[in-house]
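Undergrad: Submitted below is the structure of interest, expressed as structure tokens.
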Amino acid sequence: MATDNKDVDSLLRGEYRHGFVTDIESDTVPPGLDEDVIRLISRKKQEPVFMLEWRLKAYRHWLTMKEPRWAHVKHPPIDFQDISYYSAPKSKKDGPKSLADVDPKLLETYEKLGVPLHERAALAGVAVDAVFDSVSVATTFREKLAEAGVIFCSFSEAVQKHPALVEQYLGSVVPYSDNFYATLNSAVFSDGSFVYVPKGVRSPMELSTYFRINASKTGQFERTLIVADEGAYVSYLEGCTAPMRDENQLHAAVVELVALKDAQIKYSTVQNWYPGDAEGKGGIYNFVTKRGECRGERSRISWTQVETGSAITWKYPSCVLKGDGSVGEFYSVAVANHYQQADTGTKMLHIGKGTRSTIVSKGISAGHGQNSYRGLVKIAAGAEDARNHTQCDSLLMGDQCGAHTFPYMEAKNPTAQVEHEATTSKISDDQLFYCRSRGISAEDAVNMIVNGFCKDVFKELPMEFAVEAQRLLAVTLEGAVG
Amino acid sequence: MLEIKNLHARVDGKDILKGLSLEVKAGEVCAIMGPNGSGKSTLAHILAGREGYEVTSGSVSFEGKDLLALAPEERAREGVFLAFQYPVEVPGVNNVYLLKAAFNAIRKQRGEEELDAMDFLALVKAKMQFMEMDPAFLNRAVNEGFSGGEKKRNEILQMLVLEPKLALLDETDSGLDIDALKVVAKGVNKLRDPKRAIVMVTHYQRLLDHVVPDKVHVLAGGRVVKSGGKELALELEKRGYDWLKDAAA
């Protein structure tokens, strides 16, 4: 277990995350991107040749690509040569020197969410050594997983210790050439998580970000790969409810899931990136590619997400249903308040016979927020008896926000059953008055209605996450209805 | 308990209440009757604190407090309850959830401890049985897909659970068949108490056959034009309102 403990240590000491790299002269390379920078990243991370080759292929492809413009979001152009592509946790150096320098609104939010004091500074990106009392918890956690044969480690570590697994599965769901941001990520990704659950193993616990702060320090180009071998089960929880401030405005993460025969992966996200201040300044642009492949028969992948943060969210967790009888699910709550823009949804690609998918999307718009649902359900010619049910609901609070729905459907097999239901509702003055006349305050009434609206998604979240998510929504939408 | 003095109020620039005065004592059950447009529902809404009504002059005191200065939820916590003429649907929110939140908000105000889920459920189920309601109803969304009769029954159930000091019933009898009317009346009668006042806004005698009022006030032209005992309602039933409209002019 000695090695395991060392891993935990290096994980917990966020600053020293890249500590195994000994030949670094400086922690940060100058802004700009070319092949030399990619070679440097790969060398500093002591990667095997296949990784470097893969990064370079991605980079060369990226040069031929154009930034997508189809999403229903607006932002100033991003200068990709103005970003530094390798740096040890950058936010700690460039961040505020103490909590006194942090947006007071952010601190207020921590207070309301009940974030422990010692975690607040780290979340806000203050340059202090965060103190964690969870070392022992984390160690026990790692030991228990190792006993079951579950591999759960950082991506860098996986590349070192399990190169064969990485080489086999990396890019097998999201190829390096997939889309502009995913391709950029493939070329320059810094770190992320790797999970492998062997045949017939049920992960003995939820893989939550127990090290929730440290795990988030993986920077702007994060990459996650989760493989559930035949008959395996794993539930993975990403993110945390406390808003995270980060100097890196652009985040382009990639998540790949692979479910083999009879395997099941449940991936839950509660993401609350700093959305910017009330005018929308300083928020994170979150451009994420998440895709799971149900590769084997009767495999199952569920995405559940609660998105309340980011200035801009561009994200479509998808399922490729290859195995016969495989099942894809997508449950989402997306909130756009103030000047936030969210363009999110899913893709369900039915390829195998008897494949089923369920989409439940709940969009909440408040303030000047713009919320778009974009979903694609595609039934391939060979997908006999495929079924999809899509439920897409929008809730509007106030009259300056917007909700948009872009459902796309392509059915190439006549036996397909595809259903789409959509509703748009508004929290009305009548509803508020009704609740208030029963003694319930306007804020509580709004929370009650919003929670009711999101119920179908919250019940898919692991229990403690669901409770946090409810509290998060309450804080996010505070004051949204006068 | 409730003292309304010379109340003037308008909606969308139109004067509706024009110097309404009314006193309701603890233990009293009174009916407020009157023709369409006389201001009955406006009065009920103003007392509950609905927005959109402009009180231009006059005062309303409830147990010595200035009722108009309080937010709707504060009034509810002080013990004012309005049974809506058109109860509002709140999709996604369970009946039992709304009731429990309301119940505990009011208990908190009274300095009492919040009731836990089990005790609360027992309490509600007993009241539901009294109101002849199916327990499955508790887990349905508030008023969503309810028939007119179910909605009214639900209002009375809420009232029985929340035990207000002042219960205002806005046209609770409208849209009810005779069986539902009897159940609703049973609920209202159950609430009769020397410490409680019940004000029924109604158009017809129907409800008053089952809930016999101590007093009847007739509204016309935004004022109380006649007050009397329960016989007054019967007289109105026979003669209509026209003979009183002249008094208002």
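Undergrad: In the list B:Phe62, B:Phe120, which residue meets the criterion of being over 26 Å from B:Gly175 (Cα atoms), surrounded by 17 or more Cβ atoms within 10 Å (Cβ to Cβ) and touching a strand residue (DSSP E or B) at 6+ places or on another chain (Cβ under 7 Å)?
TA: The unique qualifying residue is B:Phe62.
Undergrad: Tell me which residues, restricted to segment A:296-310, are surrounded by fewer than 24 Cβ atoms within 10 Å (Cβ to Cβ) and either farther than 12 Å from A:Ile265 by Cα or free of Cβ contacts under 8 Å to residues at least 40 places away in the same chain (or both).
TA: Of everything in segment A:296-310, those that are surrounded by fewer than 24 Cβ atoms within 10 Å (Cβ to Cβ) and either farther than 12 Å from A:Ile265 by Cα or free of Cβ contacts under 8 Å to residues at least 40 places away in the same chain (or both) turn out to be A:Gly296, A:Glu297, A:Arg298.
Undergrad: Something else now. Could you pull out every one of the strands (runs of 3 or more DSSP E) wholly within segment B:35-106 that has 1 or more residues that are within 7 Å of chain A (Cβ to nearest Cβ)?
TA: Here the list reads B:80-83, B:90-94.
Undergrad: Hey, another quick one. May I ask you to list the residues in segment B:159-190 that are surrounded by fewer than 19 Cβ atoms within 10 Å (Cβ to Cβ) and not in a helix (DSSP H, G or I)?
TA: B:Glu163, B:Lys165, B:Ser174, B:Gly175, B:Asp177
Residue-wise test of (1) free of Cβ contacts under 8 Å to residues at least 40 places away in the same chain; (2) under 26 Å from the mean Cα position of the chain (by Cα).
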site	(1), (2)
A:Gly402	yes, yes
A:Lys412	yes, no
A:Asp429	yes, no
A:Leu461	no, yes
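Undergrad: Same structure again: Does segment B:48-55 include one or more residues that are in contact (Cβ under 8 Å) with a residue 60 or more places away in the chain and in contact with a Pro (Cβ under 7 Å, 6 or more places away or on another chain)?
TA: Yes; the residues of segment B:48-55 include at least one that is in contact (Cβ under 8 Å) with a residue 60 or more places away in the chain and in contact with a Pro (Cβ under 7 Å, 6 or more places away or on another chain).
Undergrad: Can I ask one more? Condition test on A:Cys435, is it within 11 Å of chain B (Cβ to nearest Cβ), closer than 30 Å to B:Tyr86 by Cα, crowded, with 24+ Cβ neighbours inside 10 Å and touching a residue at least 60 places away in the same chain (Cβ under 8 Å)?
TA: Here the answer is no, as A:Cys435 does not meet what is asked.
Undergrad: Just checking, which of B:Lys108, B:Lys125 is surrounded by 14 or more Cβ atoms within 10 Å (Cβ to Cβ), among the basic types (Lys, Arg) and free of Cβ contacts under 8 Å to residues at least 60 places away in the same chain?
TA: B:Lys125
Laboratory data are not the source of any read-out in this text; all were calculated from the coordinates shown. None of these values were measured; they are calculated from a predicted model. All Cβ positions, glycine included, derive from the backbone under ideal geometry; neighbour counts span all protein chains shown.
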